[in-house]
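To start, the structure under review is shown below, and the notes come after it.
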Amino acid sequence: MVTRLRAAVTFQPLKDLRFASSAMQGNTWFMSSLNDTFEGEESEYLHFPSEEHQDRLLCIRGHDTHDGGKNMYALAWPDGLPHGAALLDGLTYVSDTYYDYGNIWHGLSAMLPFVGWYEYKGCAAPTRWVLYHWGEVRVGMGAWLRTLMEVIFGKDAMNIEAFDGEGGGGITCFEKSVVFRHNSGRMSRHRRMEVFDMLRCKARAYCNVTRDPLVKEGKTPVIGLTLLLRTGARSFRNESTVIRIFEKACGGIPGCRFSVARSDNLTFCEQVKLMSSTDVLVSSHGAQLTNMFFMDRNSSVMEFFPKGWKELAGVGQYVYHWEANWSGMRHQGAWRDPNGVECPPLMQGNDCFYFYKNGRIGHNETYFTEWTLDVLNQVKRAKIEQVSQGLNQSSECPCN
């Protein structure tokens with residue numbers, strides 16, 4: 001019987017090329033023959049062993065970091081594992097992402113379902129992680145993302161499997177495993193807000209940030225306005241003028257505190273502390289905007305784009321509008337620069353998009369000033385209402 005069980009183990013490609021061109025439209029080529037499980041408000045996932053998969057374990061053969069087509073998967077019963085397979089105990093998180101784990105927005109999108117699963121399942125941390133990108137093994141995350149995951153799961157739980165020195169012809173089976181392969185796209189808005197609340201709370205506790213959202217100077221609420229700058233692509237062409245515009249607008253609102261920062265010059269905790277004191281975040285489109293969820297709920301975000309994005313960027317230009325909605329922020333609109341260098345005539349389609357993607361952003365002093373004053377006055381009224389009602393946000397973190 002054991003011999004027959006082993007013979008029944010069939011390895012299939014992790015990377016199903018039939019869906020390679022449609023993965024972003026809702027299909028997945030990662031372990032494509034298996035159907036997802038739904039539970040509560042969690043996103044779709046695969047769980048092994050489980051009744052849906054006849055109590056079989058997930059096994060991986062091949063650990064290629066350059067060609068996902070060489071990596072395979074199979075399901076096997078515990079008493080009929082392939083000959084020579086290494087069985088790893090504990091719970092393994094298996095992640096597949098269409099993008100990567102270096103960019104903080106892309107990486108965070110892949111990690112959100114795991115944070116939700118962790119909290120939903122009683123906060124039992126994984127023993128290890130297995131990361132895939134286009135079916136290829138990845139052995140690390142960007143520093144910002146890894147720190148955030150350590151904040152949630154603990155450093156001991158951030159063992160990213162590299163499959164070094166394992167025998168058995170490169171076959172590895174997992175005692176328990178959960179696989180997410182759709183990023184955060186299938187989670188409900190309510191569940192995503194709960195996950196972002198947890199991320200915010202745990203990060204603030206880790207960085208020793210304490211902030212009462214009702215802090216006042218006399219009877220005037222304090223309003224933090226932060227201009228978060230980029231260097232290079234999508235930076236402002238005339239930073240000194242843009243800084244002056246927002247500084248002047250802030251100066252016209254009693255209690256407004258203005259600050260300027262660059263995320264690439266800040267440590268993780270410096271970013272958390274800065275955002276925790278920010279009520280209005282002003283920044284151009286880019287990964288640094290991912291930090292918005294460290295702000296209090298109902299804080300405001302103002303976003304800026306260079307010329308050419310509205311026509312060519314597709315839905316990707318709205319990711320921070322979505323994040324604001326998912327994390328309880330107020331996306332106060334976007335300004336798209338109508339001026340700038342035109343795409344050269346010899347470029348078309350994607351070439352033009354990448355030309356504009358690397359462009360820089362101008363300014364419109366009158367529009368920027370009026371827009372900023374309107375947002376600041378909205379925030380001021382909301383804070384006064386908070387003070388009058390004695391409202392506050394909970395400081396109790398899940399999974400303490």
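Among Lys202/Lys273; Lys310/Lys357; Lys273/Lys310; Lys155/Lys202, which pairs are too far apart, with a Cα-Cα distance over 21 Å?
Working: Lys202/Lys273 13 Å; Lys310/Lys357 11 Å; Lys273/Lys310 33 Å; Lys155/Lys202 14 Å.
From Lys202/Lys273; Lys310/Lys357; Lys273/Lys310; Lys155/Lys202, over 21 Å: Lys273/Lys310.
Dipole magnitude of the stretch 217-339 about its Cα centre, charges +1 at Lys/Arg Cβ and -1 at Asp/Glu Cβ only, in debye to the nearest 20? If you can, show how the numbers build up before the last one.
Numbers: 14 positive and 11 negative charges, 44 e Å.
About 220 debye.
Return the single residue from Gln12, Gln288, Gln378 with maximal mean-square fluctuation; model: Gaussian network over the chain, springs between Cα atoms under 10 Å.
Largest GNM mean-square fluctuation: Gln378.
Per residue of the stretch 286-296, in order, report the coupling 6.51 cos²θ - 1.76 cosθ + 1.60 (Karplus, θ = phi - 60°) as ³J(HN,Hα) in whole Hz, putting x for Gly and Pro.
With coefficients 6.51, -1.76 and 1.60, one gets x, 4, 4, 5, 4, 5, 4, 6, 6, 6, 4 Hz.
Quick check on the stretch 75-226: take the gyration tensor over C-alpha atoms, sort the square-rooted eigenvalues as a ≥ b ≥ c, and tell me if it's rounded (a/c under 1.5), prolate or oblate. Working shown, then result.
On the way: a/c = 2.58, a/b = 2.48, b/c = 1.04.
Since a/c reaches 1.5 and a/b is larger than b/c, the shape of the stretch 75-226 is classed as prolate.
Report, by chain and number, residues whose modeled amide H sits under 5 Å from the one on Ile361, excluding near sequence neighbours (fewer than 5 apart, same chain).
Under 5 Å from the amide H of Ile361: Ser235, Phe236, Arg237.
What whole number of Å gives the distance from the Cα centroid of the stretch 108-187 to the Cα centroid of the stretch 275-345?
That distance is 28 Å.
At 7 Å along the Cα-to-beta-carbon direction for both Tyr120 and Ala143, put a label point, then send me their distance in nm to one decimal.
Distance between the two pseudo-spin positions: 3.4 nm.
Taking a ≥ b ≥ c as the square roots of the eigenvalues of the Cα gyration tensor of the stretch 36-117, is the shape rounded (a/c under 1.5), prolate (a/b larger than b/c) or oblate? Spell out each step's value before the answer.
Working: a/c = 2.40, a/b = 1.26, b/c = 1.90.
Oblate.
Percent antiparallel among DSSP beta bridges with both residues in the chain, to the nearest 5?
Details: 20 of 57 bridges.
Looking only at bridges with both residues in the chain, the antiparallel portion is about 35 percent.
Mind checking the dipole of the chain: about its Cα centre, +1 per Lys or Arg Cβ, -1 per Asp or Glu Cβ, Debye to the nearest 20?
Working: 42 positive and 44 negative charges, 197 e Å.
Charge dipole, the chain, about its Cα centre: 940 debye, nearest 20.
Trp335's amide H: which non-local residues (gap 5+, or another chain) put their own amide H closer than 5 Å, with H modeled 1.01 Å from N in plane and none for Pro or chain starts?
Here the answer is Glu303, Phe304, Phe305, since their amide H atoms fall under 5 Å of that of Trp335.
If amide hydrogens are placed 1.01 Å from N in the peptide plane, which non-local residues have theirs closer than 5 Å to the one on Ala162?
none
Under the 0.36 nm per residue contour assumption, what length would be gained going from the current alpha-carbon distance of Thr369 and Lys219 to full extension? Before the final figure, lay out each step's value.
Numbers: separation 150, 0.36 × 150 = 54.00 nm, distance 2.51 nm.
Taking 0.36 nm per residue and subtracting the Cα distance, the gain is 51.5 nm.
Give me the aspartates and glutamates in straight-line cross-link reach of Lys219: C-alpha distance below 13 Å, same-chain residues under 8 apart excluded.
Hits, sequence-local ones excluded: Glu385.
Between Arg297 and Ser50, what is the label-to-label distance in nm when each label sits 7 Å out along the Cα-to-Cβ direction?
2.9 nm
What are the aspartates and glutamates whose alpha-carbon lies under 17 Å from the alpha-carbon of Lys15, with same-chain residues fewer than 8 places away excluded?
Straight-line reach from Lys15, under 17 Å: Asp36, Asp64, Asp67, Asp96, Asp100, Glu136.
Report, for the stretch 207-332, the % of DSSP beta bridges that are antiparallel, rounded to 5.
Numbers: 2 of 20 bridges.
Of all bridge pairs located within the stretch 207-332, approximately 10 percent are antiparallel.
Dipole size in debye (nearest 20) for the stretch 1-149 around its Cα centre, Lys and Arg Cβ +1, Asp and Glu Cβ -1?
560 debye
Provide the per-residue ³J(HN,Hα) series for the stretch 277-282, in order, calculated from phi with Karplus coefficients 6.51, -1.76, 1.60 and θ = phi - 60°, each as a whole number of Hz, with x at glycine and proline positions.
Calculated HN-Hα couplings, in order: 9, 9, 9, 10, 9, 10 Hz.
Rule-based calculations on the coordinates, nothing more; no lab input. This structure is a prediction, so every number in the text was calculated from the model and none was measured. No Cβ is skipped: glycine too gets one built from the backbone with ideal geometry, and neighbour counts run over all protein chains shown.
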